[in-house]
Structures are given as structure tokens and as C-alpha cells.
Amino acid sequence: MKKLSTYLFLILFSFSASSFAEDIFEFQIEGISIGDSLLDHLSKEEIINEIEINKTAYNYLTDKFGEVYLRGNFDTFDRLSVFVKPKDKNYTIYSIYGSISYDDKLKQCFAKQKEIEKEFSSKYKYAKKRKITLEFDWDPTGESVSHNIQFFFDSVIFQRLIVQNIKKVSKLKIIG
């Protein structure tokens, strides 16, 4: 029996807040939108602490952007993460993602991805859409894959719906 972990990620990115369309601000993940102040959800001390903790944990983080995890009882997602500029006194949100764990329930995960894709396609008719599937290089079996649906906008904003199916044995080999 294969042991796989399956996750759905919904990611919204923007790195030029002044140039993007009004309707992207309306899209929310658990009541949070790009352009919101993270101070509406966490204290300044909590934000600074999260940025410092995550800076050392992830090699893709720079001094320009910091990652902050939000934990709690959310309606749809299991976890949230946002990117802010550490030197911004308002801690404006430039990127947000939510993830849902569907342990060994790939069909349900794909169904949720399709549901969100349909919602995006209807709301953002002008966006260009691309679907790609990627294998993770670190899994020699080729069973750990990422199924991505990307929505591209003229203003450098994109949204991704990702289903990741990760073989648990591979995860253990990497960690241990």
C-alpha cells in the first residue's frame, strides 16, 4: 500500500501593489486579502518574531520579504502563510497562501482544486491560465508530483492552485 500525503495550496502573489486590478483585492483567503495590513491579524511583535524564525528556516527568503504563518481555526484552510516587507511599518500583505491537507484522498483534493479553478476562471476571465505537472527531483520513485494550475495577470499577479501528492517514504528519507 502506497503512503502518500496530498495537499491543496491556493497561492496569491503580487509584488507591485499599486499596479494591480481592483478585483484582486476583493479575493480573500479566510478573510485576508493582498494589500491588507497584517497588523489587523497579528501584533507587531508576533510578526517580527515569525519573520525572524522563518528567515533562518527557508533559504528563499531575503531581507526584502519575510514569511509569516497564521495559525488558528480557519473555515476552509488548515494553514495560511503571508509575505510582507519586514521594513514596512504597516506590514502590507504581498502574497498569501492557504493549504488543505487531504491525507491519502487524492480524488477529493482534485475535486477541490477543480472547484476553485472554476471559481477563478469565472471571476478572472481575462487571466491567462496554464496547467503543468512537475515531479520532485528529490523523489527517485517519481511518485511525488505537483499538479499546478496557474492564473497570470497583466500586473505581475498570479494565482496558483497546486495539488501535491508526496510519497511519505520519500519525505522520511529526506528528513531522516
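Listing for the model above:
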quantity: Residue tally, condition under 16 Å from ILE47 (Cα atoms) and out of contact with any Asp or Glu (no Cβ under 8 Å at 6 or more places or on another chain), over the range 88-119; calculated: 7
quantity: Every residue from the range 100-128 that is within 16 Å of PHE27 (Cα to Cα) and within 16 Å of the chain's Cα centre (by Cα); calculated: ILE116, GLU117, PHE120
quantity: Top-ranked residue of the range 45-94 - restricted to ones that are in a strand (DSSP E or B) and among the hydrophobic types (A, V, I, L, M, F, W, C), ranked as nearest to ILE34 (Cα to Cα); calculated: ILE93
quantity: Test: residue in the range 151-161 that is in contact with a Ser or Thr (Cβ under 6 Å, 6 or more places away or on another chain), more than 24 Å from GLU119 (Cβ to Cβ) and modelled with pLDDT under 65; calculated: no
quantity: Selection status of VAL68, touching a Ser or Thr at 6+ places or on another chain (Cβ under 8 Å), closer than 29 Å to HIS147 by Cβ and modelled with pLDDT of 90 or more; calculated: yes
quantity: Only one of LEU134, LEU70 that is closer than 30 Å to ASP40 by Cβ and of a type in the set (A, V, I, L, M); calculated: LEU70
quantity: Members of the range 122-133 found to be modelled with pLDDT under 80 and touching a Ser or Thr at 6+ places or on another chain (Cβ under 9 Å), listed by number; calculated: ALA127
quantity: Selection count where residues are part of a loop (DSSP other than H, G, I, E, B) and either touching a residue at least 12 places away in the same chain (Cβ under 8 Å) or in contact with a His (Cβ under 6 Å, 6 or more places away or on another chain) (or both), scope the range 30-44; calculated: 7
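The values are calculated or read from the model by the stated rules, or taken from the named source; none is laboratory data. The shown structure was predicted, so the numbers you read here are calculated from the model rather than taken from an experiment. All Cβ positions, even for glycine, are placed from backbone atoms using ideal geometry, and neighbour counts span all protein chains on display.
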